[in-house]
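The values are calculated or read from the model by the stated rules, or taken from the named source; none is laboratory data. Because the structure is predicted, anything quoted here is derived from the model rather than measured. Heads up, the Cβs are rebuilt from the backbone with ideal geometry, glycines too, and the neighbour counts pull from every protein chain shown. These accessible areas exclude ligands, DNA and RNA; they are computed on the full protein's heavy atoms, side chains included. Shrake-Rupley method; radii C 1.70, N 1.55, O 1.52, S 1.80 Å.
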Amino acid sequence: MAATPLRTPARAPNAALAAFLTRYDGLRERLPGPHEPRDAAAEVLREMGWPTPKEEPWHYTNLRPVEAQVFHEAVAETGDGTRLIAHLPAVAGPRLIFVDGRFRGDLSALPPDVTTSTFAEGGASSGFDLLARPKRDRLVALNTMLAEDGAIIDVAEGIDGGFLLLGQLTSGQHRRVASHPRHRLRLRRGASLVLLEVSAGEGEYLHNPVIEIDLAEGAHLTHVRLQQESAEAFHLSTVYVDTAARATYDSFSLSLGAQLGRSEIHARLGGAQAAVHLNAAQIMGGTQLSDFTTVITHDAPNCASRQTVKSVLIGRARAVFQGRIEVARVAQKTDGYQMNQALLLSPDAEINSKPELEIYADDVKCSHGATVGALDPEQLFYLRSRGIAAAEARMILVRAFLTDAFEAVTHEGVRAVLEHAVETWWNTTGRAAEALAS
Amino acid sequence: MLEIRGLTATIDDKTILNGIDLTIPPGEIHAVMGPNGAGKSTLSYVLSGREGYEVTAGSVTFYGQDLLAMEPEERAAAGLFLAFQYPVELPGVGNANFLRTALNAIHRRRGEPELDAVQFLKLARGEVKKLAMSEDMLKRNVNVGFSGGEKKRNEVLQMAVLKPKLAILDETDSGLDIDALRIVADGVNAQRGPGFSSLIITHYQRLLDYIVPDRVHVLAEGRILRSGGPELAHELEARGYAGLVGESAEAA
């Protein structure tokens, strides 16, 4: 008897996307900048929908929980900004604050040595697909279609722009909302900047930012990303980076929040001796899902890329790391390194790791590795035998596990912010999850 | 005062300790010697609360408290210290930070004031100097890249900083050259006094030339077969464990 072929149940219609497309039709005339790229993005979405697990880059991250929701247009009440701002880390210095994807001058403090403007006020009219690929990356298409505002940051030639906080706050506490900020950063020749990008908010929402970063010759950007969205939030962010010769893109992404989060970074080494560091830590509990997906394209000789990605998972949390490195034929003497390490603190936690190397040059050095483990009982006993309580001993070992990823963040103030965020996570989510597990 | 009465312990249903009786009064240093597989390390682990051992009979009291009912960290706060035979490496954990965290955890549990970084460093530097260690060892990660001798000295450093009432030294002499042995012995002797006692587990008599014990016990087949003064160690060195274990078997 012939076996009945297995049939996957038909996917329910994408309610979220249908609502976004309808919203675009209504908003189209009011959105800043030219219509063409937005119309094209809408067309892509209409034709292809958004990604499903049948597509390889989305194999481990199913957007179904997002699809089932309808997200409303965010209309923040004036009081929300001041309350939401409490979710940002206590760090001094200039700041650009966005609430529900719109610039809030009243909450911002402009940097002295950096030129800033907004996407709404002129940024959009200069065209907004500098590096983004909305045809390929359909959440970026969603952003292109609906982006209202964002930061336009420009550091002039040879200038050290110092430190800048980019705060993105979303107010989902009244009703389910979505925001699609569109940021653009340009560091001219020899310029430098330390950017701390924070995503936070309240209630249920979708935060879908896109950041395009253009680094000219010898420029140096330190980009530290702290994702501490609300527990009910969806975070889907995409960063595009292009580096010219001798430029350095030094990034660290710490993900702690959101029920479902994906950070995608596409970095292209476009000039000789450029360097890209895409380090990350994902610390998750409960039923959270966190996905860190990177594509590094070596398009010039003598470039280096480095990645250390650490995941700490407890409860039934799941983390994904997909790291793709493409080395073009021209990119001789490429030096690529990728390490993925996961610490599973409970039997139900899960890590999905997918390194991908695609190498067309013949004189390259590329290595990658992955480890998965639990806390070492010998180490734990050693600490406890010295008087350190079990929970504190575990925190010490978790912190030690994260050390070499954090070491890449050399800016002391920023590093303190990250360490504090991890500490806070442990004292709330981590300890609670441990209590349930024991 | 440590009092062990009829202590029987198993690991994976295999009996390792088979009715140990041992009392260590305050101020005394006792040595436990015995052949490989006698249960020496198991005794030290059961006393310090390592997981994986099941106590099936007997009791252990430590200054009147039921030691076996306590978590490892509670035992440390009560004044028990184990110098590990194989100290564990802790990559990513700085030695000074680790020691201060431990010391303050113990102080907190005892309701004593905690030490700030400056107070602690002053204390730690003093002890480092006494042990002829380089100060650099405080900055390094715990035991990472330490030589065998450095690891053992680091154990003695922890003991000196945490100031236990009872220190168990589990084959602290193994892998030490004669100079390191002397330094380690000096470290233990410096703690000697009415409030400090020690249980020295060793395979060889050599360490006992430097730390002269008040009592020596022979542990074999999970039991104390003989006890005596320091001279017993020399007798063992001369006759070996085999003769002694055989003799006891005949007597039984």
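Only one of these is more than 23 Å from the chain's Cα centre (by Cα) and surrounded by 19 or more Cβ atoms within 10 Å (Cβ to Cβ): A:ASP100, A:ASP106, A:ASP80. Name it.
A:ASP80
Output the residues belonging to the stretch A:31-41 that are farther than 15 Å from A:ASP137 by Cβ and of a type outside the set (D, E, K, R).
Within the stretch A:31-41, A:LEU31, A:PRO32, A:GLY33, A:PRO34, A:HIS35 meet the criteria.
In the stretch B:1-26, which residue that is in contact (Cβ under 8 Å) with a residue 24 or more places away in the chain and part of a loop (DSSP other than H, G, I, E, B) is least open to solvent (accessible area, probe 1.4 Å)?
Per the stated criteria, the residue is B:PRO25.
Name every residue in the stretch B:33-60 that is free of Cβ contacts under 8 Å to residues at least 60 places away in the same chain, in contact with a strand residue (DSSP E or B) (Cβ under 8 Å, 6 or more places away or on another chain) and part of a loop (DSSP other than H, G, I, E, B), in order of residue number.
Correct list: B:GLY52, B:TYR53.
So in the stretch A:188-221, with the set limited to residues that are touching a His at 6+ places or on another chain (Cβ under 6 Å) and open to solvent by 10 Å² or more (accessible area, probe 1.4 Å), which one is nearest to A:LEU254 (Cα to Cα)?
My answer is A:VAL194.
Being over 18 Å from B:SER197 (Cβ atoms) and either modelled with pLDDT of 95 or more or within 14 Å of chain A (Cβ to nearest Cβ) (or both) is the filter here; which residues of the stretch B:31-41 pass it?
Across the stretch B:31-41, the qualifying residue is only B:SER41.
Looking at the stretch A:116-151, which of its residues are part of a loop (DSSP other than H, G, I, E, B) and within 21 Å of A:ARG95 (Cβ to Cβ)?
Hits for the stretch A:116-151 are A:ALA147, A:GLU148, A:ASP149, A:GLY150.
Considering only the stretch B:1-28, state which residues are of a type in the set (A, V, I, L, M, F, W, C) and farther than 14 Å from B:SER227 by Cβ.
B:MET1, B:LEU2, B:LEU7, B:ALA9, B:ILE11, B:ILE16, B:LEU17
Looking only at strands (runs of 3 or more DSSP E) that lie completely in the stretch A:167-275, which have at least 1 residues being of a type outside the set (Lys, Arg) and within 24 Å of A:HIS72 (Cα to Cα)?
A:182-187, A:192-207, A:210-215, A:220-228, A:234-243, A:260-269
Would you check if there is a residue in the stretch B:95-103 being within 13 Å of chain A (Cβ to nearest Cβ), more than 20 Å from A:PHE401 (Cα to Cα) and part of a helix (DSSP H, G or I)?
Yes, the stretch B:95-103 contains a residue that is within 13 Å of chain A (Cβ to nearest Cβ), more than 20 Å from A:PHE401 (Cα to Cα) and part of a helix (DSSP H, G or I).
Which one of the conditions (1) surrounded by fewer than 19 Cβ atoms within 10 Å (Cβ to Cβ); (2) more than 26 Å from B:ARG182 (Cα to Cα) does B:GLY149 fail to meet, given that it meets all the rest?
Here B:GLY149 meets the rest and fails (2).
Looking only at residues in the stretch A:39-79 that are under 21 Å from A:GLN227 (Cα atoms) and touching an Asp or Glu at 6+ places or on another chain (Cβ under 8 Å), which one is modelled with the lowest pLDDT?
A:ALA76
Mind counting the residues in the stretch A:244-296 that are under 30 Å from A:ALA317 (Cα atoms), surrounded by fewer than 22 Cβ atoms within 10 Å (Cβ to Cβ) and without any contact (Cβ under 8 Å) to a residue 40 or more places away in the chain?
Total meeting the criteria: 2.
Since B:PRO91 meets every condition but one in (1) open to solvent by 20 Å² or more (accessible area, probe 1.4 Å); (2) within 14 Å of chain A (Cβ to nearest Cβ); (3) assigned to a strand (DSSP E or B); (4) under 28 Å from B:THR23 (Cα atoms), which condition does it not meet?
If we test B:PRO91 against (1) open to solvent by 20 Å² or more (accessible area, probe 1.4 Å); (2) within 14 Å of chain A (Cβ to nearest Cβ); (3) assigned to a strand (DSSP E or B); (4) under 28 Å from B:THR23 (Cα atoms), just (4) comes out false.
Can you tell me how many residues within the stretch A:366-408 are within 13 Å of chain B (Cβ to nearest Cβ), in contact (Cβ under 8 Å) with a residue 40 or more places away in the chain and closer than 17 Å to A:LYS310 by Cβ?
7
Can you confirm whether A:ALA90 is open to solvent by 40 Å² or more (accessible area, probe 1.4 Å), modelled with pLDDT under 90 and closer than 28 Å to A:GLU419 by Cβ?
yes
What are the residues in the stretch B:43-61 that are within 14 Å of another protein chain (Cβ to nearest Cβ) and more than 13 Å from B:LEU199 (Cα to Cα), if any?
If the condition is that a residue be within 14 Å of another protein chain (Cβ to nearest Cβ) and more than 13 Å from B:LEU199 (Cα to Cα), then B:VAL46, B:GLY49, B:ARG50, B:GLU51, B:GLY52, B:TYR53 are the ones that fit.
Quick one: would you say B:ARG153 is within 26 Å of B:PRO26 (Cα to Cα) and free of Cβ contacts under 8 Å to residues at least 40 places away in the same chain?
yes
For the stretch A:120-129, state whether one or more residues are open to solvent by less than 30 Å² (accessible area, probe 1.4 Å) and either modelled with pLDDT of 90 or more or within 30 Å of A:ARG318 (Cβ to Cβ) (or both).
no
Of all residues in the stretch B:152-176, count the ones that are more than 24 Å from B:GLY37 (Cα to Cα) and open to solvent by 20 Å² or more (accessible area, probe 1.4 Å).
Here the count works out to 3.
Being in a loop (DSSP other than H, G, I, E, B), farther than 28 Å from A:LEU418 by Cα and open to solvent by less than 60 Å² (accessible area, probe 1.4 Å) narrows it down to one of A:THR52, A:THR61, so name that one.
A:THR52
For the stretch A:212-234, which positions are touching a residue at least 60 places away in the same chain (Cβ under 8 Å), among the acidic types (Asp, Glu) and under 30 Å from A:GLU67 (Cβ atoms)?
Matches in the stretch A:212-234: A:GLU212, A:GLU232.
Could you look through the stretch A:307-334, keep only residues that are basic (Lys, Arg) and assigned to a loop (DSSP other than H, G, I, E, B), and pick out the one that is most open to solvent (accessible area, probe 1.4 Å)?
A:ARG329
Please return the ranges of strands (runs of 3 or more DSSP E) entirely within the stretch B:153-223 where 2 or more residues are of a type outside the set (Asp, Glu) and under 13 Å from the mean Cα position of the chain (by Cα).
Ranges flagged: B:166-170, B:197-202.
Give A:ARG184, A:ARG176 a once-over and let me know the one that is touching a Gly at 6+ places or on another chain (Cβ under 7 Å) and open to solvent by 30 Å² or more (accessible area, probe 1.4 Å).
Residue meeting the stated conditions: A:ARG184.
Tell me the residue from A:HIS420, A:HIS411 that is open to solvent by 70 Å² or more (accessible area, probe 1.4 Å), out of contact with any His (no Cβ under 9 Å at 6 or more places or on another chain) and away from every other protein chain (no Cβ under 14 Å), please.
When all the criteria are applied, what remains is A:HIS420.
Can you tell me which condition A:ASP154 does not meet? The list is (1) out of contact with any Ser or Thr (no Cβ under 7 Å at 6 or more places or on another chain); (2) open to solvent by 10 Å² or more (accessible area, probe 1.4 Å); (3) not in a loop (DSSP other than H, G, I, E, B), and all the others hold.
Failing condition for A:ASP154: (1).
Within the stretch A:297-306, how many residues are in a loop (DSSP other than H, G, I, E, B) and open to solvent by 10 Å² or more (accessible area, probe 1.4 Å)?
The number of residues fulfilling the criteria is 3.
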